[in-house]
Structures are given as C-alpha cells and as structure tokens.
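Any read-out appearing in this document is the output of simple, stated calculations on the displayed coordinates, not a laboratory observation. Please read all numbers here as calculations on a predicted model, not as lab measurements. Methodologically, a virtual Cβ is constructed for each residue, glycine included, from the backbone with ideal geometry; neighbour enumeration extends over all protein chains shown.
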Amino acid sequence: MQRKQLWIGVLLVATVLLRSPAVPAVESDPLPAPRGTPHEQAIRLYNEGVALMREKHYAAAQEKFEQALGLDETLAEAHNNLAFSLRQQGTSNFARSLQHYNRALELKPDLARAYMYRGVLFIQMGDMTRARTDHAQLLRLDPELAARLEQIIAGADGRDAYGDLAGASEGVEP
C-alpha cells in the first residue's frame, strides 16, 4: 500500500513540474530572427525609405521601397509607402501608385493609412465615389484619419493637404 502511495506521489510531483510555467514547452519558445536574411535586409531598406520619405526625398525613398519589395514582396507597408512616394512625384505615377495601394490592402486589409492615401489619390484622380468608399473603411479602422480624409473630400480640390504625412510612418522591426 505504501509503495502505491509513493508512486502516486511521484506521479503527482512529476505532473506538477511538467505543467509548471517554470518549465515551458520547447515548442512555445519564440524563434530568434535569423540575421542576414532577405527579410531582415528588406526591413532595413524599408526603414531607410521611411527616413527618406519623411525628408520628402520621394524618388530616393521610392528606390529603397522597390529594393525592399524585391527582397520581400509581402511587406504591405512598403507597398503603401512606395505608392505614397510615387503619388507625391506627380500624376504620371498615379496608375502605379494605385497598384501598390491595392497590393498593400490585399496583403494587410486593416492598413488604415493605405485607405487614407488611396482615398486622396482617388480625389486627385477625380473619383469621389471610390474616395468615399475608402472613407467608409477608415471610419471603422481609424476615425482620426477618417476625419482628415473627410476634410480633403469636402475641399475636393485635388490637393493633398496632408502631403507631409509619411505613410505608415513607424518603422518595421526586423
């Protein structure tokens, strides 16, 4: 009988130790980001592009975003900021800009700034219907940006009153 109680005790202690947070499962540990990977290089280039865009060096920023996307096409923020940089360089870039805004939103449907800036692009293109559609999405995602886009729609003069905003202005961490 004592032997049976001893084994029950040992099993209980083992169960408690195995379930204890002090002994986490190996599968749940986060993996370190591998250094020197294309993804890490893409993020570095993206962040360089954001810095250039904040300084209003749109052509140079465009190059960095294109390089980043060459390494990792799935960076929605890079598509968004490439679109912004293209749009800031003139009407001849509007079609490409729209393609990149659309790709950013395909990759990350809740990227509020992409709706904001695509809405401004639609206004500049004279497409108030699609600008209002993006505004409706913004109301759900980011009411502050929605209010800004609403002001631009109300002005409807085709000028981007918020041209100094830097897309997805926060950098992306590797």
* Structure fact -> Descending packing, highest mean Cβ count within 10 Å first, for 77-84, 135-142 is 77-84, 135-142
* Length-normalised contact order for the range 38-174 - Cα pairs under 8 Å, 6+ apart - percent -> 25 percent
* To do: Once you have a ≥ b ≥ c as the square roots of the Cα gyration tensor eigenvalues for the range 30-109, tell me rounded if a/c is under 1.5, and otherwise prolate or oblate according to whether a/b is larger than b/c.
  => oblate
* To do: Take the alpha carbon gyration tensor of the range 38-174, find the square roots of its eigenvalues, order them as a ≥ b ≥ c, and report rounded if a/c is under 1.5; if not, report prolate when a/b exceeds b/c, else oblate.
  => prolate
* **For the range 51-65 versus the range 106-137, the gap between their alpha-carbon centres in whole angstrom** => 22 Å
